[in-house]
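Just below is one structure, and these are the notes that go with it.
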Amino acid sequence: MLGALFNDIPKGSARAIITPHAGYTYSGEIAARAFQATATRTFKRAVIIGPLHREQEDALFLPDSDVFTTPLGELPVDKDLIAELASCSNQFIVNDIPHLEEHSIEVELPFLQHLFPGLPIVPILVGKTTATNVKTLSRALEVILAGLWEETLIVVSTNLCAFVPATDADRQSGRFLDLIREKDWQGILDGHRDKEITACGDGCVAGLLGAPSVSKLEVSILQRGDSSSQQHEDDSNRVHYAAVALA
């Protein structure tokens, strides 16, 4: 199935991507477009940042496990970088439990395995979208990836809006993408606070864009879509998705 999703998608040299975490029938093609934008580069690790959907806390969660497993096999966890992240701030909590039922990182892993077999991963789950979490994540990425940006793929898992009427979905997703283009992490925080942005993953995106090294990258919106093809006539519960590359 994954191989078919990658058919006819041009390869690119992006160093970071923003990609959906819906079911593959909803957003698999868009996710493949995001990942294929990284396919010509060589990486030594992938940092994967996703939102925590259940029982959110004002914290960032790192795994204690040595590997993550999918039907395609195992992905080794980069325990050295996990330890470095954990030492950056008390906001980071090493705990497998939040990762066990969370899909926002899980659905991205087969794409990594298809393109970069055996690549070590650094999974980070972001709890509440707060200034503390966003700033902690930005600073930690800048610190632990000093000298490693060129060889590190960063994958941010998010949708553009979450289960809102179609007209609101169009407005919210457009606003979120504008802020991503502008790399305006503070604007994303403000939009979340004012409920102008409802994306599951807005704090993850803000955390990436707040890292000074990311300000040098060029943002490209590769593809957009929404859940309407699977929801038929239901316009009251729309989700939007996008593939975004930073190179």
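Each value in this text was obtained by applying a stated rule to the coordinates, not by laboratory testing. As the structure is a computational prediction, the values presented were derived from the model and not from experiment. Here the Cβ positions follow ideal geometry from the backbone for every residue, glycine too, while neighbour counts run over all protein chains shown.
Please say if the range 129-247 is rounded, prolate or oblate, where rounded means a/c under 1.5 for a ≥ b ≥ c the square roots of the C-alpha gyration tensor eigenvalues, and otherwise the choice is prolate for a/b larger than b/c and oblate otherwise? It is prolate, given that a/c is not under 1.5 and a/b is the larger ratio. Could you tally the net charge around residue 182, taking each other residue with its Cβ under 15 Å from the Cβ of residue 182, Lys/Arg +1 and Asp/Glu -1? Net charge around residue 182: -2. Centre-to-centre, using Cα atoms only, the range 27-87 and the range 145-173 are separated by 14 Å. Dividing the helix sum by the residues of the chain, where each DSSP H run of 4 or more adds -39500 (n - 2.57), gives a mean residue ellipticity at 222 nm of -10500 deg cm²/dmol. Among beta bridges from DSSP that stay inside the range 10-246, the antiparallel ones total about 50%. In this structure the amide hydrogen of residue 59, modeled in the peptide plane, comes within under 5 Å of the amide hydrogens of 127, 128, none closer than 5 places in sequence on its chain. The relative contact order of the range 10-246 comes to 29 percent, based on Cα pairs under 8 Å that sit 6 or more residues apart. The phi-based Karplus calculation (6.51 cos²θ - 1.76 cosθ + 1.60; θ = phi - 60°) puts the 3J(HN,Hα) values of the range 126-139 at 9, x, 5, 7, 10, 4, 4, 4, 5, 5, 4, 5, 4, 5 Hz, whole numbers, x for Gly and Pro.
Under 11 Å from the Cβ of residue 95, count the other residues' Cβ atoms, weight Lys and Arg +1, Asp and Glu -1, and hand me the total.
-3
Between the alpha-carbon centres of the range 8-26 and the range 190-214 there is a gap of 19 Å. Farthest toward the positive end of the dipole of the range 112-247, out of 212, 187, 143, is the Cα of 143, where the dipole comes from beta carbon charges about the Cα centre. Pairs of Lys residues in the chain are counted when their Cα atoms are under 15 angstrom apart and they lie 8 or more places apart or on different chains; the count is 4.
Shape analysis of the chain places it in the rounded category; the axes a ≥ b ≥ c from the Cα gyration tensor give an a/c below 1.5.
Using the Kirkwood radius built from alpha carbon pairs, what does the Stokes-Einstein equation give as D for the range 1-144 at 37 °C and 0.692 mPa s, in µm² per second?
So the translational diffusion coefficient is about 209 µm²/s.
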